[in-house]
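The block underneath contains the structure these notes are about, expressed in structure tokens.
The values are calculated or read from the model by the stated rules, or taken from the named source; none is laboratory data. If you're wondering where the values come from, they're calculated on a predicted model, not measured in any experiment. When we count neighbours, we look across all protein chains shown, and the Cβ atoms used for this are built from the backbone with ideal geometry, even at glycine.
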Amino acid sequence: MEKLRETLKVKKERAILVAAVLRGSQNGDDLVELTALAESAGAIVVDRFQQKISRINPSMYIGTGKAKELAERVRRFKADVVIFDNDLSPAQIRELEKILKVKVLDRSELILDIFATRAKTRQAKLQVELAQLEYTYPRLTKMWTHLERVAGAGGGTSAGAVGGIGTRGPGEKQLEVDRRLVNRRITDLKKELAHIDERKLREITGRKSKFKVCLVGYTNAGKSTLLNKLTYSSVFVEDRLFATLDTRTRKWVLERGVDVLLSDTVGFVRNLPHQLVASFKATLEEAVNADLLIHVADVSNSDVLGQIEAVNQVLEEIGCTDKSVLLVLNKLDIVKQKGKLEMLQTLFPKALCLSAKRAVGLEQLKRGVLDEYKGEELLLKIVSRQSNGKVQHFLRAFGSVIQETYADSAVQIKVRLGSNQLAELKRLHPVSVEIIQN
């Protein structure tokens, strides 16, 4: 049998998309998202094939009859690859490839492939390679002999080398060799990423004195465009899934004297492979350590509610359930469905509507973030030395001064100030701070 899986890339290949949906389950995307994923990977979608099933066939996921029908479509459309919108077991992929005579990919493998083509920095490349190998490891069979190249086996002294004392027994199977290679490479990648993660976490920890805002959302929701508009930056933007994988952080000036750190993160997607979530832990730490999350949702997408839920699930998985979240309904300028915006505003009354591309609603977003930055308004009585000009300047810049009383060398100030500014105020060493009302 031809080695169908020698190449994982689907670039410029003719693809047939397949979705097997269990009866009674909610799945209304009609392969729209899988089409976008396949096209993002460079495939040409030549046909779509959907089937409602009562139960999952353990040997091929779909029934034998449907598999034969799919094989006929493969011949008719001269397809090179069949991509399932389901996660398949190694045995199911093997049996399907026997019948279809072309390469079969599942949803997770397709997403991993896209990430591999998008990775630019050293960290992103290592993260994607680790995710791919952890996905691959339990799926190793004799057809995976090409993984020697992935694992980097070379001579007897290379990191991926096999053999040597204690390993040169008679007739070691290729499968065992492949597994050892992959396992060793996974160990090496985790060590290298651990060092990068430590540096990344030190960077994030070093920003403790700054208020940190993080953009999260479904892939292609407009996060990078919003980052550019708010911070006058020029980070890479393209209308495709997973256009960028690396976190970018920029200074965002909310008003005179008030600036925060705004970070963009890798986009999420429905059923994001857990290997990617684990591998991109350091990248997602930006969200974990943020003071405020801005959840950007594409209001023009037909499945915007499903996308919002998918993002919430990933946030829960990485431990962000206790974070303050500001929901932003983006792309209001291209909403076509009548009444959709009103329906979403009813479901999410605190959500902000804007168009990052047209720079509409950005001031409202700034005010919303500024309110979060300041926190609950408190009425305070501050006593400070008259010579401590820093305290007086701070209160005038960040609060609303109601009354000032001077006596001897001290000044008593009654002021309205956000609760989040209390810690910064105390670092300026006033004589006393008393909360009158909250």
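Data table
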quantity	calculated
Hey, Lys78 under 17 Å from Ala43 (Cβ atoms), of a type in the set (Lys, Arg) and at pLDDT 90 or above or not	yes
Region 322-341, residues that are in contact with a helix residue (DSSP H, G or I) (Cβ under 7 Å, 6 or more places away or on another chain) and either farther than 15 Å from Ala297 by Cβ or part of a loop (DSSP other than H, G, I, E, B) (or both)	Ser324, Val335
In region 377-390, the residues that are assigned to a loop (DSSP other than H, G, I, E, B) and either outside the structural domain of Tyr406 (by TED's automatic domain parsing) or surrounded by 16 or more Cβ atoms within 10 Å (Cβ to Cβ) (or both)	Asn388
Criterion violated by Lys357 - all others in (1) crowded, with 19+ Cβ neighbours inside 10 Å; (2) at pLDDT 90 or above; (3) under 22 Å from the mean Cα position of the chain (by Cα) satisfied	(1)
Selection from region 361-376 of residues that are in contact with a strand residue (DSSP E or B) (Cβ under 8 Å, 6 or more places away or on another chain), of a type outside the set (Asp, Glu), touching a residue at least 24 places away in the same chain (Cβ under 8 Å) and part of a helix (DSSP H, G or I)	Leu365, Lys366, Gly368, Val369, Leu370, Tyr373, Lys374
Filtered residue count, region 399-413, keeping only those that are buried (at least 17 other Cβ atoms within 10 Å of the Cβ) and either at pLDDT 90 or above or among the β-branched types (Val, Ile, Thr) (or both)	2
Qualifying residue in region 320-334 (condition: touching a Leu at 6+ places or on another chain (Cβ under 9 Å), surrounded by 15 or more Cβ atoms within 10 Å (Cβ to Cβ), modelled with pLDDT under 90 and within 16 Å of Val304 (Cα to Cα))	no
Search result, residues across region 9-32 that are within 19 Å of Phe115 (Cα to Cα), exposed (fewer than 15 other Cβ atoms within 10 Å of the Cβ) and modelled with pLDDT under 70	Lys9, Lys11
Elements of type helices (runs of 4 or more DSSP H) contained in region 220-290, each with 2 or more residues being of a type in the set (D, E, K, R) and either crowded, with 21+ Cβ neighbours inside 10 Å or modelled with pLDDT under 80 (or both)	281-288
Looking only at region 95-131, and only at residues there that are surrounded by fewer than 23 Cβ atoms within 10 Å (Cβ to Cβ) and polar (S, T, N, Q), the one that is nearest to Glu39 (Cα to Cα)	Thr117
Some residue of region 52-72 being without any contact (Cβ under 8 Å) to a residue 40 or more places away in the chain, under 21 Å from Gly306 (Cα atoms) and surrounded by fewer than 18 Cβ atoms within 10 Å (Cβ to Cβ)	yes
Selection within region 181-209 - modelled with pLDDT of 80 or more and not hydrophobic (A, V, I, L, M, F, W, C)	Asn183, Arg184, Arg185, Thr187, Asp188, Lys190, Lys191, Glu192, His195
Total residues in region 81-108, condition in contact (Cβ under 8 Å) with a residue 24 or more places away in the chain, out of contact with any Lys or Arg (no Cβ under 9 Å at 6 or more places or on another chain) and of a type in the set (Asp, Glu)	1
Subset of region 414-438 that is hydrophobic (A, V, I, L, M, F, W, C) and closer than 15 Å to Tyr373 by Cβ - its residue that is surrounded by the most Cβ atoms within 10 Å (Cβ to Cβ)	Leu417
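Yes/no matrix, rows are residues, columns are (1) β-branched (Val, Ile, Thr); (2) assigned to a strand (DSSP E or B); (3) not assigned by TED's automatic domain parsing to the domain that holds Ser59:
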position	(1), (2), (3)
Lys98	no, no, no
Val104	yes, yes, no
Lys125	no, no, yes
Glu129	no, no, yes
Gln132	no, no, yes
Thr136	yes, no, yes
